[in-house]
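Read the structure below first, then the notes.
The values are calculated or read from the model by the stated rules, or taken from the named source; none is laboratory data. Predicted model only: the values in this text are computed from it and were never measured. Positions of Cβ are backbone-derived with ideal geometry, glycine not excepted, and every protein chain shown enters the neighbour counts.
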Amino acid sequence: MTDRAEDAPVAGHEETPVAANPVQAAQPQNVSHGSRSQWLDVWDQFRTHKGALAGAGFFVFILLAVTLGPYLWIYDPTYIDIRARNTGISLAHPLGADQLGRDMLARMIAGGRTSVSVGVTAMALALFLGTLIGVLAGYFRKLDGPLMRFTDLFLALPLLPLLLVMVLLFRETLSANFGPETGIFLLIVVGIGVTSWMPTARIVRGDVLALKEREFVLAARSIGTPDRRMITRHILPNVLSPIMVSATLGIANAIITESALSFLGLGFPPDYPTWGRLLYDATDYLQQYPERVIWPGAAISLTVLSVNYIGDGLRDALDPRIRGR
Amino acid sequence: MLTFTLRRVLISIPTLLVIAFAIFMLLELAPGDPTAQLPLTIPPEVREQIRQSLGLGEPLPVRFGKWLIQFFWVEPLHIINGIFGTDFAEGAQRVLSWQTRSPVMDIVWQRMPQTLWVVGMSYIVGVAIALPIGIYSAYKQYSVFDQAGTFVSMIGYSVPPFFSGVLVIVIFSVKLGWFPSIYDTTHVVNDWDSFVVQLRQMIMPVMVLALQTTAQISRFMRASMLDNLGQDYVRTARAKGMSERSVVLRHTLRNSMIPVVTVIALGVPGIFGGAIITEQVFKVNGIGQLLITAIQANDLPMVQTLTFIFAILIVLFNLIADVLYGVLDPRIRYD
């Protein structure tokens, strides 16, 4: 943002000689244009989308809250202060305390930490798988048929039931091997990642197929670029924008799925707060303390909403046809 | 068109078989013994007999084959029996639930009406709301209505049903007391008063599920209408002096509905998945709730059958969407 603010007056200043002496002054202006990177253009376009900007702001706020929060609000989320149980909003407990007297703000921060890290890790896994399969299917003609049939097969699987079954069946083995928290974290991240890579793979494959026919790929091939470098240097940078858009959608999807699993009682163990788990626990006290349902629910919804808005803005910003306007 | 349909049907058979095998293997790999819950005083040979009676102990391909025969041959015959009063496949082994020792499909048929009522009604309501919203927001693009529609559908995308469901319970049943928070499945509709009771208990789950549907379908409808409104034939229709009403509702809408209809068909299995959560929130004892209880009770035949039913729904509606697309738009038939 600051880069752009400094950049703008300079570009404006250099425009004056253009009017006076067009032949000479064309050069400095060109230089200032050349120094503008593509990402500055993208940022400029992104800034015009108000919803996306607000979403990005909120998401950064959530990220800061869950990373720095535990240092600022030093309550232990599992500390039981039985005399404070079921207290409402107060100075000692800004979001109240739950049925065991645990501080809700600390639990929200700890829960957000889990939910967001599950979201980001599962998204990264899904993106990795989706990009790998998409690039392989798009680039190597022999692999296209089998890999796309494989993708179709995954798309025809009932994902939520299978995810529930996976969590149920493998929870205990993994808990025994990696400890209850890491085990379930791994299980949920792998489960969500393995069941949500298909849209990315399809989009990436389509883009790679189109890119393969372009002249710069032909040029690169004619100078003898090997396949490995072809993919990493020429194909991947050009499919970056659809990947980034599906990254945002992937985070949203992963957060919702993790919360849904926790809500169905098949997610993280009860003493390990996540937003979905907090929501699930609070529904038992729905009649008396509805606000305890609102906090985690609003956190999930607003985070997902902000991520969706970022994706929306990013889609516009990364599309060069829209960016010019 | 017939060859196209036939080919699509033939492709879906191996797909279903592979999915059936994948589900079977996933459950097979699972650790855990169905007799683990039984008392430790049972002698090992009796335990082995119990395992045999549950259909375990035989080699894996045999069990898979048996399950396929039970599911694709014995169970359909029982459905025919139920409809026509015949007695095919009497005494043949059916897929039995480990929880209740009764045939899985009988329980599924008991639970199906509740799910179909809530889920089916919500989908119809959702589509009925979404289509006019989509049409109007495309016609008045960037108007206040359009912006509001975009915002509402963004919320519909982002607020998960387990929160929106709980939220409407807090507002409408705890604070206002308008609707009951628990869906009473034993309620029988026989006169006007009981119909009103049924309506009141259905409103909240139906609206929660419909919000999701509306959010998706209205966006598709809007995008599709926008694509078509800029076309030359629309300008031609206007230039001929046709009324706006017939330009939009007759010419544009018909063409815009083609992709939307397939999206509607593709969304049907997804809504059954969403119903798993909504049924849990409103305590509807439908299919989704059956799946959750079966998972918690480690009732593998039930889980296997239900998951496979969901898979059949997905494959079936993909097929319907493909064929519908071909019927509606002659340009994309591949025969």
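Tabulated values for the structure
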{"item": "Qualifying residue in the range B:33-47 (condition: at pLDDT 75 or above, basic (K, R) and either exposed (fewer than 12 other Cβ atoms within 10 Å of the Cβ) or under 30 Å from the mean Cα position of the chain (by Cα) (or both))", "result": "no"}
{"item": "Residue in the range A:224-239 that is more than 22 Å from A:L127 (Cβ to Cβ) and in contact with a Ser or Thr (Cβ under 8 Å, 6 or more places away or on another chain) present", "result": "no"}
{"item": "Identity of the residue in the range A:102-130, among the polar types (S, T, N, Q) and buried (at least 23 other Cβ atoms within 10 Å of the Cβ), that ends up farthest from the chain's Cα centre (by Cα)", "result": "A:T114"}
{"item": "Condition met for A:G57 (at pLDDT 50 or above, of a type in the set (G, A, S) and not in a helix (DSSP H, G or I))", "result": "no"}
{"item": "Condition met for A:R323 (more than 14 Å from chain B (Cβ to nearest Cβ) and at pLDDT below 85)", "result": "yes"}
{"item": "Unique match (being within 11 Å of chain A (Cβ to nearest Cβ), touching a Phe, Trp or Tyr at 6+ places or on another chain (Cβ under 7 Å) and in a helix (DSSP H, G or I)) among B:L313, B:L291, B:L319", "result": "B:L313"}
{"item": "Hits in the range B:207-224 (condition: more than 19 Å from B:L266 (Cα to Cα) and either surrounded by 23 or more Cβ atoms within 10 Å (Cβ to Cβ) or β-branched (V, I, T) (or both))", "result": "B:V208"}
{"item": "Options A:L162, A:L187: the member that is within 12 Å of chain B (Cβ to nearest Cβ), crowded, with 19+ Cβ neighbours inside 10 Å and hydrophobic (A, V, I, L, M, F, W, C)", "result": "A:L162"}
{"item": "Check on A:A247, closer than 23 Å to A:G112 by Cβ, within 14 Å of chain B (Cβ to nearest Cβ) and surrounded by 19 or more Cβ atoms within 10 Å (Cβ to Cβ)", "result": "no"}
{"item": "Given (1) within 26 Å of B:T185 (Cβ to Cβ); (2) assigned to a helix (DSSP H, G or I); (3) more than 11 Å from chain A (Cβ to nearest Cβ), index of the condition B:R331 fails", "result": "(1)"}
{"item": "Only one of A:E172, A:E181, A:E213 that is at pLDDT below 90 and within 13 Å of chain B (Cβ to nearest Cβ)", "result": "A:E172"}
{"item": "Residue within the range B:307-325 that is crowded, with 19+ Cβ neighbours inside 10 Å, in contact with a strand residue (DSSP E or B) (Cβ under 7 Å, 6 or more places away or on another chain) and over 22 Å from B:L10 (Cβ atoms) present", "result": "no"}
{"item": "Segments classed as helices (runs of 4 or more DSSP H), wholly inside the range B:116-231, with at least 1 members that are within 14 Å of chain A (Cβ to nearest Cβ)", "result": "B:144-158, B:161-168, B:192-229"}
{"item": "Some residue of the range B:174-187 being among the β-branched types (V, I, T) and either closer than 29 Å to A:L305 by Cα or surrounded by 19 or more Cβ atoms within 10 Å (Cβ to Cβ) (or both)", "result": "yes"}
{"item": "Residues of the range B:108-152 that turn out to be surrounded by 23 or more Cβ atoms within 10 Å (Cβ to Cβ) and small (G, A, S), as a count", "result": "7"}
{"item": "Qualifying residue in the range A:138-149 (condition: within 14 Å of another protein chain (Cβ to nearest Cβ) and either surrounded by 21 or more Cβ atoms within 10 Å (Cβ to Cβ) or of a type in the set (V, I, T) (or both))", "result": "no"}
{"item": "Qualifying residue in the range B:292-300 (condition: among the small types (G, A, S), over 24 Å from B:Y325 (Cβ atoms) and in contact (Cβ under 8 Å) with a residue 40 or more places away in the chain)", "result": "yes"}
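Every residue, every condition in (1) within 11 Å of another protein chain (Cβ to nearest Cβ); (2) of a type outside the set (S, T, N, Q); (3) assigned to a helix (DSSP H, G or I), yes or no:
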| position | (1), (2), (3) |
| --- | --- |
| A:G265 | yes, yes, no |
| A:P270 | no, yes, no |
| A:D281 | no, yes, yes |
| A:L286 | yes, yes, no |
| A:I300 | yes, yes, yes |
| A:V307 | yes, yes, yes |
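For every residue, the table says whether it meets (1) surrounded by 23 or more Cβ atoms within 10 Å (Cβ to Cβ); (2) away from every other protein chain (no Cβ under 11 Å); (3) hydrophobic (A, V, I, L, M, F, W, C); (4) within 21 Å of B:W117 (Cα to Cα).
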residue: B:S256; (1), (2), (3), (4): yes, yes, no, no
residue: B:P259; (1), (2), (3), (4): no, yes, no, no
residue: B:G267; (1), (2), (3), (4): no, yes, no, yes
residue: B:F272; (1), (2), (3), (4): yes, no, yes, yes
